[in-house]
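Written out below as structure tokens is the structure these notes cover.
What follows is calculated from the coordinates using simple rules that are stated; it is not laboratory data. This structure is a prediction, so every number in the text was calculated from the model and none was measured. Counting neighbours? That spans all protein chains shown, and the Cβs are built from the backbone with ideal geometry, glycine included.
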Amino acid sequence: MCGIVGYTGPRPAVGLMLDGLRRLEYRGYDSAGLAVVEDGRIELRRAAGRIAALEQALGSERPTGTTGIAHTRWATHGAPTEINAHPHTDCGDTLALVHNGIIENASALRTALAQRGHVFRSETDTEVLVHLIEDLYARDGTLADAVAAALRQVEGTYGIAVIATREPDTIVAARHGSPLLVGIGNGENFVASDASAVLAHTRSVVYLDDGEIAVITPRDHRIIDLRSVEKAKAITHVEWDLATIERGGYAHFMLKEIMEQPESVRNTLRGRLLEEDGAVHLGGLNLSDEELLQIDRIVITGCGTSWHAGLIGEYMMEELARLPTEVEYASEFRYRNPIVDERTLVVGISQSGETADTLAALREAKRRGARTLGLVNVVGSTIAREVDGGIYLHAGPEIGVASTKAFTSQIAALALLTLQMGRLRSLSILQGRQVVRALAGLPDLVERVLARAPEIERLAGRLADASNVLYLGRGYNFPVALEGALKLKEISYVHAEGYPAAEMKHGPIALIDELMPVVFVAPQDAVYQKILSNVEEVKARGGRVIAIVTEGDTNVARLADHVIEIPETLDLLTPVLSVIPLQLLAYYIAVRRGTDVDQPRNLAKSVTVE
Ligand code: AGP
């Protein structure tokens, strides 16, 4: 949600932290701030708005301290103002703290601390932490001990970093629920919410787990638990390099990531297709064929775009693996009394691997004895480290808040998992080979769809003034209609709804008039004839039809006002192709409407609070 970066070493911290914050801005961007220890004082600078506003507040006279912490915020408690921006300091301005997460018992702690004379300056839950640490930071104690003692009283989620004037080159960081890592440098060290903030300086990181505290100085890092017991932690080498998290000449990360899809889908499939056997090789499942054969039910869970991918997985699993499959919103699944057992496979889909609801749903499933798998893009993320096994998407870093290439890679990964489960059951080697060949040919077909970007940009020009848009699909492409509507909503702020096309008659058809653009996802698949009549229903009421059709289609094309053609492939894989025109349509409409495509209002890339 929020982004945290910290530095301690020989170099001035401010510039380094600003660079790191810019790379984390997609995590939250409604206010920002930083603090450094300088000449025995805390130098604090904060501003409402983007990192650019903080740079302005810093002006030319920047503090020169070499130990500091910084933060970019996604507000949960307290409006996005300068006073609520992080870092927060204690009564004596001898401590500064940044936080990502929610302190659930903040008001009780606040009341108790206020009774002990602490003065609060903001509306945030976070400020409670710095006063609690101040309260416990005994004259002869260490900052690490005070932080550990404070966190033993805290309920909720947090990733925090703290500095103190009494230990000028030390940063104490801790994690429970929100991602945090230590970046290991040469004579300098970093702390950050994710690796993108430190990649310019190091690719050696230590991922913190829940309940861990890191004590960092320029020459050393120690990991302890809340009882101050030392913990041995492995250093992980991050594969991604700086170039992969740059915009690479594109106007927006979202467009870059849309255009990367031939390569990202290719990377998801790389080394996993066994054409001869009509099967797949999934090295990370961590479940033997015998264990997979024990599975008699699949529950797929996730949020947002990942939940949409799950719906497509459900269709695939039931059609090709003949396994009963359900798809659950993670936020509902975790609080419902779900029926799962050791023969249930719970698959959590998450690009970031940090989404709080999906993580909690997987923990709930595990608690009840289910096997858990993660379809995750971010290597080393919490979900990836906590599930029994999984499939990494290898789609590369996805910076744009609106998920695009992760979605098509999620569908490809679900097809791989379906082949794995299907070939262990009723799917024949010939059927398997057909799917494997179609998967292998997918990246080239994606390339062909992307070549239509100019015509989609022109079409966007005709839709940019719409205030409502309806997306309709059937079968495998019903979830694509949902995804198309979500993309338009989240980056262009135009109201849009996705619906199963046949549901129209049961209410939404009342919305149809010449002002309501209706986007049909209508490739020539098993339900093509059915959706054709749905197109006729809309045309009969004067609706404006835009249709995604199979190359050479004439039936829908005859009825529609605009068509975008996609190549033919197997029904279960059409969503990988049919969603791309919808991603581009949303992108070009948003660009025309002048919204902030990569960092749309009110959103954040990974939602680490519930
Ligand atoms: C999609 O464009 C959104 N950014 C959002 O719905 C996202 O899919 C959702 O928050 C889930 O994120 P995850 O895949 O990282 O868990």
So the compactness index of the range 142-246, its C-alpha Rg divided by 2.2 N^0.38 Å, takes the value 1.05
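Report Rg/Rh for the range 479-531, rounded to two decimals, where Rg is the Cα radius of gyration and Rh the Kirkwood radius. Let's see the in-between values first.
Numbers: Rg = 11.9 Å, Rh = 12.2 Å.
Dividing the radius of gyration by the Kirkwood radius yields 0.98.
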Check: C-alpha center the range 120-175 vs C-alpha center the range 498-536, spacing in Å is 56
Residue-count net charge about G33 - beta-carbon cut-off 10 Å; Lys, Arg +1, Asp, Glu -1: +2
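Rank-order 343-349, 191-197, 245-251, 213-219 by packing density, defined as the average count of other C-beta atoms within 10 Å over each peptide's residues, highest first.
Details: 343-349: 25.9, 191-197: 28.4, 245-251: 13.3, 213-219: 21.3.
Sorting 343-349, 191-197, 245-251, 213-219 by mean packing, highest first, produces 191-197, 343-349, 213-219, 245-251.
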The range 1-76: GluC sites (Glu not before Pro) in DSSP loop, at most 15 other beta carbons within 10 Å: E61
Return one number: the angle in degrees, 0 to 90 and rounded to the nearest 10, between the long axis of the Cα atoms of helix 13-24 and the longest principal axis of the Cα atoms of the chain. 20
Check which residues have an amide H placed less than 5 Å from L273's amide H, if you skip close sequence neighbours. H281
Under the Debye formula (equal points on every Cα, no solvent term), log10 I(q)/I(0) of the range 341-494 at q = 0.18, 0.19 Å⁻¹: -1.27, -1.33
With a/c under 1.5 counting as rounded, go ahead and sort the range 1-120 into rounded, prolate or oblate using the C-alpha gyration tensor (a ≥ b ≥ c being the square roots of the eigenvalues; past the cut-off, prolate if a/b is larger than b/c, else oblate). oblate
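On full extension of the chain, what length is gained from R116 through E276, given 0.36 nm per residue of separation minus the C-alpha to C-alpha distance?
Numbers: separation 160, 0.36 × 160 = 57.60 nm, distance 7.27 nm.
Using 0.36 nm per residue and subtracting the Cα-Cα distance, I get 50.3 nm.
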Please work out the C-alpha center-to-center distance from the range 229-287 to the range 561-607 and express it in whole Å. 21
Cα to Cα, under 30 Å, and not fewer than 8 places away if on the same chain: which lysines meet these conditions relative to K487? K256, K405, K505, K530, K539, K605
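Quick one: grab the alpha carbon gyration tensor of the range 293-419, order the square roots of its eigenvalues as a ≥ b ≥ c, and give me rounded if a/c is under 1.5, else prolate or oblate depending on whether a/b is larger than b/c. Display every interim value, and only then the final one.
Details: a/c = 1.62, a/b = 1.24, b/c = 1.31.
Here the range 293-419 falls in the oblate category.
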What do you get for the angle between helix 574-593 and the principal long axis of the chain? Use alpha-carbon atoms, 0 to 90 degrees, nearest ten. 60
With a point put 7 Å past each Cα toward its Cβ, work out how far R458 is from R437 in nm, to one decimal. 3.6
Per 5 Å bin, what percent of the C-alpha pairs of the range 1-67 does each bin hold, from zero upward? 4, 19, 30, 26, 15, 6, 1
Tell me the GluC sites (Glu not before Pro) within the range 250-313 that lie in a loop according to DSSP and have at most 11 other beta-carbon atoms within 10 Å. E276
Distance histogram for the range 499-589 (every C-alpha pair counted, 5 angstrom bins, percent rounded to whole numbers): 3, 14, 26, 25, 20, 10, 2
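May I ask you to derive the FRET efficiency for Y493 and E239 from their Cβ-Cβ distance with R0 = 30 Å, giving the value to the nearest 0.05?
The pair Y493/E239 has a calculated efficiency of 0.25.
Above 31 Å lies some portion of the pair distances; for the chain, what is it as a whole percent of all C-alpha pairs?
Counting pairs separated by more than 31 Å, the tail of P(r) holds 52 percent.
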Please determine, in degrees from 0 to 90 and to the nearest 10, the orientation of helix 478-492 with respect to the longest principal axis defined by the Cα atoms of the chain, where the helix direction is its Cα long axis. 50
